[in-house]
Amino acid sequence: MQRKITIKGIIAYRNIFPQVIALIDSGRMPVEKLVTRKIILDNIVSEGFEALVNDPTEVKILIDIQKN
């Protein structure tokens with residue numbers, strides 16, 4: 001006899017956005033410190049996805065989608 005199970009996990013942040021926005025707006029949550037890099041859209045794979053996967057010091061990478 002075999003026993004098969006399925007495990008599902010989720011992460012959700014239900015109903016916290018108004019509080020988070022208020023904290024950011026008040027300056028009590030300095031979110032600019034979370035941005036570890038700014039890149040252009042053309043480099044999203046090498047400097048974006050790969051950096052996030054391979055470098056644990058990367059937190060948030062902003063992508064500039066405007067054409068220069």
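The values are calculated or read from the model by the stated rules, or taken from the named source; none is laboratory data. Computed from a prediction, not measured in an experiment: that's the story for all the values here. Ideal geometry is used to build each Cβ from the backbone, glycine not excepted, and the neighbour counts take in all protein chains shown. When the accessible area is computed, the model is the full protein with side chains, heavy atoms only, and any ligands, DNA or RNA have been set aside. Shrake-Rupley method; radii C 1.70, N 1.55, O 1.52, S 1.80 Å.
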Inverting the mean 1/r over all pairs of different Cα atoms, compute the Kirkwood radius of region 2-41 and quote it in Å.
14.1
Probe radius 1.4 Å, ligands and nucleic acids ignored: give me the carbon and sulfur share of the accessible area of the chain as a rounded percent.
58
Under 1.5 on a/c is rounded, so check that first for the chain, then, if it is not, pick prolate when a/b is larger than b/c and oblate when it is not; a ≥ b ≥ c are the square roots of the alpha carbon gyration tensor eigenvalues.
oblate
If one compares the long axis through the Cα atoms of helix 17-26 with the longest principal axis of the Cα atoms of the chain, the angle in degrees, nearest 10, works out at 30
Neighbour cut-off at most 11 other Cβ (10 Å), DSSP loop, trypsin sites (Lys or Arg not before Pro), region 7-55
8, 14, 28
